[in-house]
1. Answer yes if at least one residue in region 217-226 is modelled with pLDDT of 95 or more, among the hydrophobic types (A, V, I, L, M, F, W, C), crowded, with 16+ Cβ neighbours inside 10 Å and within 15 Å of ligand 1 (Cβ to nearest atom), and no otherwise.
2. Considering only residues of region 154-180 that are farther than 13 Å from Ile196 by Cα and within 16 Å of ligand 2 (Cβ to nearest atom), which is nearest to the chain's Cα centre (by Cα)?
3. Consider Gly52 against the criteria (1) within 16 Å of ligand 1 (Cβ to nearest atom); (2) within 13 Å of the chain's Cα centre (by Cα): it satisfies all of them except one. Which criterion is unmet?
Amino acid sequence: MIRKTTQLKQLLHSSQLEFLMEAHNGLSAKIVEETGFSGIWGSGLSISAANGVRDNNEMSWTQVLDTVEYMSDATTIPILLDADTGFGNFNNVRRLVRKLEQVNVAGLCIEDKLFPKTNSFINGEQQPLADPIEFAGKIKAAKDTQQDPDFCVVARVEALIAGWSMSEALQRASIYHEAGADAILIHSKAATPNQILGFKSEWQDTCPVIIVPTMYHSTPTSVFRESNFSVAIWANHLLRTAITAMQQAAAKIHSEESIAGIEQQIVPIMEVFRLQDAAELQSAEKTYLPVPAEPVAEIVR
Ligand code: SPV
Ligand code: MG
């Protein structure tokens, strides 16, 4: 079995466009792997939303770590964790990298904003960017801390989100690349891919470039392929699918005051057991649990 870190590094450097699919807990991570995806995006937005809080670092970093540990335990494909700004300064990033390696997370992505951050699609222009030199220190600290040589550190450039110039984005990317980033994530909230294409045509293949096409979603994937992007992240679509499905099912059950009408529209209970691998426990019990000599008898005879 190839190490998860090595798998992620190979995705970053493969000659074709690769995809990371968002997951936000052990179940969704498992579904991503079963579907055939080669890697998982541990989305900060989705993880926080799934826990009923905002994408503003309302979850503590250890709560995020616990979540991603469940995701990692449930899967064999690599996880790139959205670690927001790194939950503090370079020292917090160092500790995070150590803990992520312990739970077999393949890499982290940090963005050049300030803690506590806000999701990039909420008043992006009003969010202050980090000092690029201080941010580069976080990247260097992460690279110096990792024990596994293939652990991946992705630097996310928020300059275009904040309404700054393309030259600012390119210069920041260069500083982060020099500091040791394994890839650059160039984020854009434009409805067309013009910004990310403009960035890529200047950046060329200096290092792998990752994109998150949430807002320019109607762009054909072939456009990303032709420009030689490394990875496209589908960042929140399982969360949004789950919200749609849960809202519809809850409303139907509420209005019909019955579960009869929903039964055919949802997975059978057996599918839940399969996803939990209940069969493995049943077979392990045969191996490890003694059969009681005197089974407990009914009280009423
Ligand atoms: C996330 O999935 O949490 C991301 C991507 O950071 S975005 O929501 O587009 O900022
Ligand atoms: Mg995020």
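1. Restricting attention to region 217-226, the residues satisfying the condition of being modelled with pLDDT of 95 or more are 217-226.
So of that shortlist, the ones also among the hydrophobic types (A, V, I, L, M, F, W, C) come out as 223-224.
So of that shortlist, the ones also crowded, with 16+ Cβ neighbours inside 10 Å come out as 224.
Checking the rest, the ones that are also within 15 Å of ligand 1 (Cβ to nearest atom) come to none.
No, that holds for no residue.
2. Val154
3. It is condition (2) that Gly52 fails.
The values are calculated or read from the model by the stated rules, or taken from the named source; none is laboratory data. Keep in mind that this is a model prediction, so the values were computed, not measured. No Cβ is skipped: glycine too gets one built from the backbone with ideal geometry, and neighbour counts run over all protein chains shown.
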